[in-house]
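Q: Just passing along the structure, written as structure tokens.
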Amino acid sequence: MFGLTPYERNDFWNPFREFEKDFFKDFSSVNRCRTDIRDEGGKYILECEMPGFNKEDIKIDVNGSVLTLCAEHKSENDEKNKNGEYIRRERSYGSYCRSFDISNIDESAIEAEYTNGVLKVTLPKKTEQQPETKRIEIK
């Protein structure tokens, strides 16, 4: 005779489990903008991997104390036969957008260069200004 203990089956087979795990893992890494930030004393060096983008596709904006890097590109590859009908048509689209806090950065001296798919942004630190000492003349 069977007891009153509920039967739990932990090995339930889900045909989509492996699909979901691998499928979404691959897509989550597609639009990552891998970035390294180094502290070099008086400045920070930000290096951001942006492969496949042209320099013209990248925008760097400063709004208050936030630096935003955005890049976007589109490409189309159309192949038509002599009647103008599509034989093959492929489109691709890619974009990145990242924001960074630059509250202790001298915004007027930020420099950027893009070489071989890597955007390098130099962020000079603000120099702390010592309060000026003034001698007051007594009259």
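Q: What do you reckon, is P15 at pLDDT 70 or above and not in a strand (DSSP E or B)?
A: Details: at pLDDT 70 or above: no; not in a strand (DSSP E or B): yes.
Judged against the criteria, P15 is not a match.
Q: Also: Do we have D106 as of a type in the set (D, E, K, R) and either surrounded by fewer than 10 Cβ atoms within 10 Å (Cβ to Cβ) or modelled with pLDDT of 80 or more (or both) here?
A: Details: of a type in the set (D, E, K, R): yes; either surrounded by fewer than 10 Cβ atoms within 10 Å (Cβ to Cβ) or modelled with pLDDT of 80 or more (or both): yes.
It is true that D106 is of a type in the set (D, E, K, R) and either surrounded by fewer than 10 Cβ atoms within 10 Å (Cβ to Cβ) or modelled with pLDDT of 80 or more (or both).
Q: Of these, E132, E128, E111, E137, which one is within 14 Å of L46 (Cα to Cα), of a type outside the set (A, V, I, L, M) and loosely packed, with under 13 Cβ neighbours inside 10 Å? Even if it seems obvious, please write down each step before you answer.
A: Details: E132 fails: within 14 Å of L46 (Cα to Cα); E128 fails: within 14 Å of L46 (Cα to Cα); E137 fails: within 14 Å of L46 (Cα to Cα).
Sole residue among the options that is within 14 Å of L46 (Cα to Cα), of a type outside the set (A, V, I, L, M) and loosely packed, with under 13 Cβ neighbours inside 10 Å: E111.
Q: Can you report the number of residues in region 41-67 which are in contact with a Phe, Trp or Tyr (Cβ under 8 Å, 6 or more places away or on another chain) and more than 15 Å from T115 (Cα to Cα)?
A: 2
Q: Go through N83, N31, N77 for me and flag whichever is more than 23 Å from the chain's Cα centre (by Cα), modelled with pLDDT under 75 and of a type outside the set (D, E, K, R).
A: Working: N83 fails: modelled with pLDDT under 75; N31 fails: more than 23 Å from the chain's Cα centre (by Cα).
Testing whether each residue is more than 23 Å from the chain's Cα centre (by Cα), modelled with pLDDT under 75 and of a type outside the set (D, E, K, R) leaves just N77.
Q: Let me ask another. Which of the residues spanning region 45-85 are touching a residue at least 12 places away in the same chain (Cβ under 8 Å) and exposed (fewer than 10 other Cβ atoms within 10 Å of the Cβ)?
A: Across region 45-85, the qualifying residues are P51, E76, N77.
Q: Of a type in the set (D, E, K, R), more than 14 Å from the chain's Cα centre (by Cα), at pLDDT 85 or above and under 30 Å from F53 (Cα atoms): which single residue out of K139, K120, K125 fits that description? Steps first, please.
A: Working: K139 fails: under 30 Å from F53 (Cα atoms); K120 fails: more than 14 Å from the chain's Cα centre (by Cα).
From the options K139, K120, K125, the qualifying one is K125.
The values are calculated or read from the model by the stated rules, or taken from the named source; none is laboratory data. The structure displayed is predicted, hence computed values, not measured ones. When we count neighbours, we look across all protein chains shown, and the Cβ atoms used for this are built from the backbone with ideal geometry, even at glycine.
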